[in-house]
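For reference, the structure discussed in these notes is given below.
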Amino acid sequence: MNNKLEYYDYLIIIFYFILVGSYGYWIYRRKKKATMDTKDFFLAEGSLTWWAIGASLIASNISAEQFIGMSGEGFFVGTAVAAYEWIAALALIIIAIWFIPIYLKNKIYTMPQFLKTRYNETVALIMAVFWLFLYVFVNLTSILYLGAVAINGLLGGAYLHAIMIALAICALIITLGGMKVIGYTDVIQVAVLIVGGLATTYLALTVVAEKMGVGHGAIDGFKALLADSPEHFKMILDKPAATTTTLSDPLNLQVQKYVVLPGIAMYFAGQWIVNLNYWGCNQYITQRALGADLTTARTGILFAGFLKLLMPLIVMLPGIAAWVLYKNGHLPQLESKDGAYSAILGFLPNGLKGLSIAALTAAIIASLAGKLNSISTIYTLDIHKKYISKDLDEKKMVWIGRLTVVAAILISLIFTWKDTLGIGGEGGFTFIQKYTGFISPGVFAMFILGMFWKRTTGTAALVGVILGFALAIFFNNYAVSLFGKETWMYTAFTYEKMEGGVVKTITEIPFLINMGWSFFITVAVMVGISLGGPKVNPKAFDIDGSMFKVKPATLALIVATLIILAALYVRFW
């Protein structure tokens, strides 16, 4: 195992930066208008092809939280964490068929605009502020921190802050070119991400085969994983027999896993809320499709859904390989589960290590650029233009957007400099899912009812977003002390965990269960309030059944995705 980079590694990394930089500049010059307007800068309206939309969706989604965080969960839990990727494929089908037609028909360009059009300005402003805080202080900071930590580990551990700055600058340069540059450079980013990721997985499995003495190829390595750790290849985790465990208890590890991925229970609501909210009600993601026509947007989204089936192979399987190597004494003690991916890269030969780092870098920069563009879009169009400078022309709005990008990346650097938010404490992937889950139930309730139930009122939406957030806090922090550890609604678990050399006792309800109850209660309250309102709501969207019809080629892609997904679940159930 060797973490040092050699000449060929540096050559590949440098080539990657030159390729992305020159291609991005070429796109910027080729598609540059005499005067860039807001739709051009924020949406790349009409210029992204279906394959560019699909690639951009994947590039924006797969970042350090997946490469590092999901590999960490693969190391810790196993294939059960693939639910986030495979349920996402289903969610993208739902969004392509039912969500996107509503957005495009009503000319929606931002998510706060949807809330203003369907409800009122108060709801839109509250959520614009919510999203800005979430994107800057949870998503942007975690992507930057986890990415820098991973690359720093591969370069010897002495360059953390320099890497943070380098990643921030690269993302900044791409973002300032606008959505067109982001969208088309994401095609290269995804190609590098997939090729580098698959190469890493292939070689990781080869290393497992050789270290375990069962052969020399990737197939032999995969068989070794199945034989050595069958418990890591279960999509549905069993509920622990005990709800209270100590560090010495054999069930303690099982409890920790179940709290993160609570078996079949997470499929009733939690996983659906996470994925439908992320892919369908999230500026960061939907922005890629909002500037296209319906056929292009749909095909791009479904293409992304098809690619999601492949992602666990790239971002999860290396973590399981690291677990088997660690379990059998071929890996040293890891500081945390998030160190699994970096540890695997240490086994790669010269040259391929550079390719893997380029893939990781591509994922990080693409996600940072996409997130920065969304932050800029929401602030400029939904806050600055409406409440600060209403008479701004198009050129000045673009410049406000660029200044917002710079401000957002500087803020994220400040908060990641010393891990101020404690991202590294509980695992990067879990950190993001858990804290995004505080607002997801209320937001998704607002969107789903707003789209498909005409009687939903602005008052109900306002109550819903506040109540959803309050309920998430309640279930995460106060439910156990008020109602006890076991009720008909939930089961809380108490376990011990070693953090920083100190044993900590933690009592919590699985956060995916919390999200489900927060969502259902919020929906019930919103329905009750709306039933007390007018029967005819002038703000309701007109829905035509023809909007949801799909072409034969689109249907074929949907069916292919569903067949592969069903086969995967049958195999690893």
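The values are calculated or read from the model by the stated rules, or taken from the named source; none is laboratory data. Bear in mind that the values here come from a model prediction, so they are computed numbers and not experimental data. Note: ideal-geometry Cβ built from the backbone for every residue, glycine included; neighbour counts use all protein chains shown. All accessible areas refer to the heavy atoms of the entire protein, side chains included, with ligands and DNA or RNA removed. Shrake-Rupley method; radii C 1.70, N 1.55, O 1.52, S 1.80 Å.
Taking into account only those residues within the stretch 233-266 that are surrounded by fewer than 16 Cβ atoms within 10 Å (Cβ to Cβ) and of a type in the set (Ser, Thr, Tyr), which is nearest to residue 93 (Cα to Cα)?
Looking at the filtered set, the residue picked out is 246.
Tell me which residues, restricted to the stretch 475-506, are farther than 19 Å from residue 521 by Cα and of a type in the set (S, T, N, Q).
Hits for the stretch 475-506 are 481, 494, 505.
For the list (1) part of a helix (DSSP H, G or I); (2) among the β-branched types (Val, Ile, Thr); (3) over 22 Å from residue 432 (Cβ atoms), I need the number of the one condition that residue 273 fails.
Just one mismatch for residue 273, condition (3).
Under the condition of being at pLDDT 75 or above and of a type in the set (Gly, Ala, Ser), which residue from the stretch 279-297 is nearest to residue 132 (Cα to Cα)?
280
Have a look at 200, 206 and point out the one that is modelled with pLDDT of 90 or more, closer than 25 Å to residue 75 by Cα and either buried (at least 20 other Cβ atoms within 10 Å of the Cβ) or more than 20 Å from the chain's Cα centre (by Cα) (or both). I'd like the intermediate steps shown before the answer.
Numbers: 200 fails: modelled with pLDDT of 90 or more.
Checking each option against the conditions leaves just 206.
Matching residues to (1) surrounded by fewer than 24 Cβ atoms within 10 Å (Cβ to Cβ); (2) touching an Asp or Glu at 6+ places or on another chain (Cβ under 6 Å):
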position	(1), (2)
72	no, yes
78	no, no
92	no, no
97	yes, no
118	no, no
131	no, no
136	yes, no
157	yes, no
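Give me the residue from the stretch 343-391 that is closer than 24 Å to residue 163 by Cβ and among the polar types (S, T, N, Q) and, out of that set, surrounded by the most Cβ atoms within 10 Å (Cβ to Cβ).
The residue in question is 373.
Going through 162, 148 one at a time, which residue ends up being crowded, with 17+ Cβ neighbours inside 10 Å, modelled with pLDDT of 80 or more and part of a helix (DSSP H, G or I)? Break it down into steps so the answer makes sense when it comes.
Working: 162 fails: crowded, with 17+ Cβ neighbours inside 10 Å.
So the residue among 162, 148 that is crowded, with 17+ Cβ neighbours inside 10 Å, modelled with pLDDT of 80 or more and part of a helix (DSSP H, G or I) is 148.
Just the residues that are basic (Lys, Arg) and either closer than 30 Å to residue 128 by Cβ or touching a strand residue (DSSP E or B) at 6+ places or on another chain (Cβ under 7 Å) (or both), please, taken from the stretch 352-379.
Residue satisfying the conditions is 371 alone.
Yes or no, residue by residue, for (1) part of a loop (DSSP other than H, G, I, E, B); (2) modelled with pLDDT under 75; (3) among the aromatic types (Phe, Trp, Tyr):
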position: 42; (1), (2), (3): no, yes, yes
position: 45; (1), (2), (3): yes, yes, no
position: 67; (1), (2), (3): no, no, yes
position: 71; (1), (2), (3): no, no, no
position: 84; (1), (2), (3): no, no, yes
position: 88; (1), (2), (3): no, no, no
position: 91; (1), (2), (3): no, no, no
position: 125; (1), (2), (3): no, no, no
position: 134; (1), (2), (3): no, no, no
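Quickly run through the stretch 213-232 and pick out the residues that are open to solvent by 50 Å² or more (accessible area, probe 1.4 Å) and under 13 Å from residue 328 (Cβ atoms).
Within the stretch 213-232, 213, 214, 227 meet the criteria.
Quick test of your reading of the structure: residue 339 fulfils all but one of (1) closer than 18 Å to residue 5 by Cα; (2) buried (at least 24 other Cβ atoms within 10 Å of the Cβ). Name the failing condition by number.
Residue 339 satisfies every listed condition except (2).
Checking residue 175 against (1) buried (at least 21 other Cβ atoms within 10 Å of the Cβ); (2) of a type in the set (Ser, Thr, Tyr); (3) closer than 25 Å to residue 336 by Cα, which test does it fail?
Of the numbered conditions (1) buried (at least 21 other Cβ atoms within 10 Å of the Cβ); (2) of a type in the set (Ser, Thr, Tyr); (3) closer than 25 Å to residue 336 by Cα, the odd one out for residue 175 is (3).
Which of the residues spanning the stretch 93-111 are more than 20 Å from the chain's Cα centre (by Cα) and in a helix (DSSP H, G or I)?
Listed by number, the residues that qualify are 97, 98, 101, 102, 103, 104, 105.
Is it the case that some residue within the stretch 493-511 is over 20 Å from residue 447 (Cβ atoms), open to solvent by less than 40 Å² (accessible area, probe 1.4 Å) and part of a helix (DSSP H, G or I)?
Yes, the stretch 493-511 contains a residue that is over 20 Å from residue 447 (Cβ atoms), open to solvent by less than 40 Å² (accessible area, probe 1.4 Å) and part of a helix (DSSP H, G or I).
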